[in-house]
């Protein structure tokens, strides 16, 4: 009996093997895979973004305390003041509006502009009373303005003089600022000889707009690798973005898909407007504001991704929606910031076929 049972156990696998057949399928299994591509953290301070906007002129962006300024400088060499009647070196700074700043028909006025006149002096033979005249020319519109500062005395034997000209302003056009210095002294003849003279003009990057101001290209965020993956087709894609900002401007996020095969074609996805943070009566931000942005890529966009190995590109730019009668004030501090992060959620359809 034991021998019969043992024989039966040995025969069972042989029976099943003889009665079954294993076949190779012509097609492999199909399924969807949900993959999230991170976009990374793009947090930047207002000061760093201003330098980014300036590009090759980034050295002209200077920080003084909490404020950020655009600085233009003119330097002249030796000159002499001869009394009783003459002027010393005429300095001029040409403010060609920053290329990143765009204005509407009414133009932009940048106030709180100031200039610093610096004189490096070789000889002062007697006390000199100085009058500084600041002239401002707006080239395209033909407008002009002027300021006169008096009551300045440079004492005999002085080696350095500095004075600040307040209440200047420039417009979003080619603006030329000129400083002329006139002297009067009891000494007759060559009373003061300069080694050099410098005029520095500072225009605040915290702007007061009398019409719509647009600051382009604050950030350009993209996915480093193509969304499309070999052997996988995109079924759907959704952009998830999160924003935290204290810069008192309205920001606009534009999204589009770029053709990474030919680098020629692109396809617009959509636009989202981000509200500005709370501000005080002056125009400085009083805190942060948060937003969640969801952009769904439609059927045409999904097709573009699959056919063009499409990459997602995002561009962020800020606007001041002002008008001539009620200017929009936005005074940004150097450490005010804009942060955007998120991910692209992509669902891939995978279908792997088998061979013979």
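Bear in mind these aren't lab numbers, they're just calculated from the coordinates by the rules spelled out. Predicted model only: the values in this text are computed from it and were never measured. Here the Cβ is made from the backbone with ideal geometry for all residues, glycine too, and neighbour counts use every protein chain on show.
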Notebook entry, point to check: Which value in Å is the Kirkwood Rh of the range 40-126 over different Cα pairs?
Noted result: 16.7 Å
Check: In vacuo Debye scattering of the range 66-205, one point per C-alpha: log10 I(q)/I(0) at q = 0.10, 0.19, 0.20 Å⁻¹?
Finding: -0.36, -1.03, -1.10
Margin query: At a 10 angstrom cut-off on C-beta neighbours, averaged per residue, how do the peptides 248-259, 126-137 rank from highest to lowest?
Written below: 248-259, 126-137
Next item on the list: Sort the following peptides by mean Cβ neighbour count (other Cβ atoms within 10 Å, averaged over residues), highest first: 64-75, 43-54.
Entry: 43-54, 64-75
Check: On average, how much area does the Cα convex hull of the range 270-356 cover when viewed from any direction, in nm²?
Finding: 9.6 nm²
